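Everything below concerns the one structure shown next.
The values are calculated or read from the model by the stated rules, or taken from the named source; none is laboratory data. No experiment lies behind these values; they were computed from the predicted model shown. Cβ placement follows ideal geometry from the backbone for every residue including glycine, while neighbour counts extend to all protein chains displayed.
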Amino acid sequence: MKWPGIKGNRASSKGSTQDHWLPEADQPILKLSGVSKHFTVGPVRTSIFHNIHLQVNAGDMVSIMGASGSGKSTLMNIMGLLDRPSGGSIALGGQNIASMDDNALSALRNRGLGFVFQSFFLLPRLCAWENVALPLAYRGAHGVEVREQAEDMLSKVGLAERLAHRPTELSGGQQQRVAIARALVGSPALLLADEPTGALDAETSREIMDLFERLNSDEKATLVLITHDYAIARRCERHLRLVDGEIEE
Amino acid sequence: MNARAELISQGALPFLSGSMLMAHAKEAVKGLVSNLQRSVLALAGIVIGIASVIALLTVGNIARNEAIKQFEALGTDLVSVFDVSDRSQEERPHVLDINHATALANLSTIQAASPYAYDSAELVLGGDNYQSFRRVGVNEAFANIHEMSLLDGRFISPFDGRRPFAVIGSEVADEMRSAGTMPTVGTNIRFGGSIYTIVGVLDHRASATQDLRVERAVLVPIQVALRALGTRELTGVTLRLEPDVHYLTATNEIQAYFQRAAPGLYVNVHSPVRLIEQMEKQMRLFAVLLGAVAGIALVVGGFGIMNAMLASVTERRTEIGIRRALGARQRDIQIQFLAESSVLCVLGGLIGAVIGIGATLIISAVVGWTWLFSVSAVVLGVATAVVVGLAFGYFPARQAARLDPITALRDS
């Protein structure tokens, strides 16, 4: 199997935990060309969206808005390589994913992407740092170095005092910070957040958005936020809307 | 990225290493502890299965050793010769007699021969009080072959000839004592219509082969017994083999002797070694049977594990979806769930081994056997547990691995 996107343009690294995927030079991080998605249930074919063209460049902070049922989450799943489109092509860092098998897609998710979900999706049995360390574990990295890296990332999101707490011992905002730390720990090229503030109160939502902005400006993180909340969307530099199965910028 | 990590991520190396295994084992233990009740219930089947495997195999082993010990006590260097000719014939040219015994003693494979013949007779204990005991005619070789020990007096000697001397068994002596007669050397007894003079009293530890219960027997010179029986035919001849002679070699020589010296006389040669061999064959069959029974218990336990693991997979769909989103490959998920079922089974195997060994200790104590630790049974038990864990954990783990991450996440 050819390792997608890593060959020739890998960042130099000191150890396996530092490894991350980098897009090919001069290529957009993510490019969707004519992407469509439909579901077929019995004789009925339901089209979710069609002919979507979308490009996310390094350092972008993009919001995608849309009403409930507009297909935002399906789009995010496709962008996150969790789902395959019915038509069109997707390129991550210049690599077309169409011919990749499940192992390659898993590896690309692990190294190229970071996910933040509305309901945090932390593993309840694991404490904060163990949750954060998970993506590193799936690269085959283990030991003290992994723990240190996870703890550093938790410190960056302001949870240095909560390293060994389990998700149930943390507030919603803190849980989402752990999830963000987990998304970032592997230095992904693209951070995908699906309604990241959807389960949080206004004050906490603002704090989380402050964190995203800081990551974008200070750490040059590339972000795509899916939201139905205009107050969240307008804090991003690019605003996209998913209306009637089409993207409007 | 270091070379190994790259190889691992490309699937060129298995996603397994010492530390990875440890990580999987730790995760597995956490997973099992998080649903303790279900884990314990799933464990019960395996514990019972493994405990029965170990207990049955160990008890079988102990029983075999006990039986072998008993046979060995009979003397593994002894064989017995019996006449098995067709007795319906009126005229038999040859019978197993004292001359054959003497000839057998001269064979190259035979060290000593002890001819014997017996019947039952009444011993008068005084007045109307009498009891039936066995009258066994023997020669001086008997004491040596069966390692008789005496409490008093001497054994039958080659000089006794046809004189009515008797060596009495320990229980015979006890009966006489309780009837008021002292069983001392020189005392005359009325036994089977004849008078015998006691020349020796056997120790209570004295025992012999086959059906000769010497503790309840009155041993008399072989000539005396044959005359009383009115025959020259022996009941049998016990032979001690020369050192390091295999019983089959001796059997061949004995059979060849009878074919040559007494055509028409057919003898059987019995050996405790042959009995041991036959018994071991039966025991092996028995062990297979026990193993099969225990195997059924294990399969039942395996289905318990599978059921628990399937429930675990259903319950943890979200977790599977999250892990897949974070980069876990199908194989990683599969290994994770296989690790859980294996940890469950190894734990069940170890607990089962302890219970199984405990059970054999109790059984041995109750029955009075010498307890033996059967390493092979324990190794087999625990190894089977791992195999069961992998076999019955495979299907649930495969199901977990094949779960579509989108579906898994959407369901939550």
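The number of residues in segment B:315-350 being part of a loop (DSSP other than H, G, I, E, B) and either closer than 17 Å to A:Phe115 by Cβ or facing chain A (nearest Cβ under 7 Å) (or both) comes to 4. Being modelled with pLDDT of 90 or more and either part of a loop (DSSP other than H, G, I, E, B) or out of contact with any Pro (no Cβ under 9 Å at 6 or more places or on another chain) (or both) is a property that holds for A:Ser33.
On the given criteria, is A:Leu126 farther than 23 Å from A:Ile29 by Cα, modelled with pLDDT of 90 or more and at the interface with another protein chain (Cβ under 8 Å from one of its Cβ atoms)? So that I can check it myself, show each step before the final result.
Details: farther than 23 Å from A:Ile29 by Cα: yes; modelled with pLDDT of 90 or more: no; at the interface with another protein chain (Cβ under 8 Å from one of its Cβ atoms): yes.
No.
Looking at (1) surrounded by fewer than 22 Cβ atoms within 10 Å (Cβ to Cβ); (2) at pLDDT 90 or above, which one does A:Ala199 not meet, given that it meets all the others? If we test A:Ala199 against (1) surrounded by fewer than 22 Cβ atoms within 10 Å (Cβ to Cβ); (2) at pLDDT 90 or above, just (2) comes out false. Applying a threshold of 6 Å to beta carbon distances and a minimum spacing of six or more residues, or different chains, the list of pairs starting in segment B:301-321 at a residue that is farther than 20 Å from B:Ala51 by Cβ and ending at one that is not in a helix (DSSP H, G or I) reads B:Thr318/B:Ser412; B:Glu319/A:Leu123; B:Ile320/B:Leu403.
When you look at B:Met182, is it more than 27 Å from B:Thr231 (Cα to Cα) and assigned by TED's automatic domain parsing to the domain that holds B:Gly230, yes or no? Yes, satisfied. Just one of (1) assigned by TED's automatic domain parsing to the domain that holds B:Ser52; (2) in contact with a strand residue (DSSP E or B) (Cβ under 8 Å, 6 or more places away or on another chain) fails for B:Gln255. It is (1).
Evaluated against (1) buried (at least 19 other Cβ atoms within 10 Å of the Cβ); (2) touching a Gly at 6+ places or on another chain (Cβ under 8 Å), A:Leu159 falls short on exactly one condition, (2). Within segment B:62-79, one or more residues are more than 14 Å from every other protein chain (Cβ to nearest Cβ), in a helix (DSSP H, G or I), buried (at least 20 other Cβ atoms within 10 Å of the Cβ) and at pLDDT 85 or above. At least 2 residues that are more than 30 Å from B:His24 (Cβ to Cβ) in each: list the helices (runs of 4 or more DSSP H) lying fully within segment A:131-249 that qualify. Where helices (runs of 4 or more DSSP H) fall fully within segment A:131-249 and carry at least 2 residues being more than 30 Å from B:His24 (Cβ to Cβ), they are A:172-184, A:202-218, A:230-233.
Count of segment B:358-412 residues, restricted to those that are within 30 Å of A:Leu75 (Cβ to Cβ) and of a type in the set (Lys, Arg), is 2.
Cβ separations smaller than 9 Å between residues 6+ apart or across chains give the following pairs from segment B:250-274 residues that are outside any helix (DSSP H, G or I) to residues that are acidic (Asp, Glu) and buried (at least 16 other Cβ atoms within 10 Å of the Cβ): B:Leu265/B:Asp83; B:Tyr266/B:Asp83; B:Val267/B:Asp83; B:Asn268/B:Asp83.
Among the strands (runs of 3 or more DSSP E) confined to segment B:96-208, the ones with at least 1 residues that are loosely packed, with under 14 Cβ neighbours inside 10 Å and in contact with a strand residue (DSSP E or B) (Cβ under 8 Å, 6 or more places away or on another chain) are located at B:110-126, B:129-138, B:188-191, B:194-202.
Among residues belonging to segment A:108-146 that are aliphatic (A, V, I, L, M) and closer than 18 Å to A:Ile78 by Cβ, point out the one that is farthest from the chain's Cα centre (by Cα).
It comes out as A:Leu108.
Show the residue pairs that are 6+ apart or on different chains and have beta-carbon atoms under 8 Å apart, the first residue being within segment A:190-216 and touching a residue at least 24 places away in the same chain (Cβ under 8 Å) and on the phi > 0 side of the Ramachandran plot, the second being of a type in the set (Ser, Thr, Tyr) and crowded, with 23+ Cβ neighbours inside 10 Å. The qualifying pairs are A:Glu195/A:Thr227.
Cβ-Cβ distances below 8 Å connect the following pairs, each with a first residue in segment A:136-163 that is free of Cβ contacts under 8 Å to residues at least 12 places away in the same chain, a second residue that is of a type outside the set (S, T, N, Q) and crowded, with 21+ Cβ neighbours inside 10 Å, and a separation of six or more residues or different chains: A:Ala137/A:Val146; A:Ala160/A:Leu154. Taken over segment A:60-85, the criterion of being within 14 Å of chain B (Cβ to nearest Cβ), of a type in the set (Gly, Ala, Ser) and assigned to a loop (DSSP other than H, G, I, E, B) is satisfied by A:Gly69, A:Gly71, A:Gly80. Cβ-Cβ contacts under 6 Å between residues 6 or more apart (or on different chains), taken from a first residue in segment A:109-123 that is at negative phi and facing another protein chain (nearest Cβ under 7 Å) to a second residue that is at pLDDT 90 or above and not in a loop (DSSP other than H, G, I, E, B), are listed as A:Asn110/A:Pro135; A:Phe115/A:Ala183; A:Phe115/A:Leu192; A:Phe115/B:Ala325; A:Leu123/A:Asn131; A:Leu123/B:Glu319.
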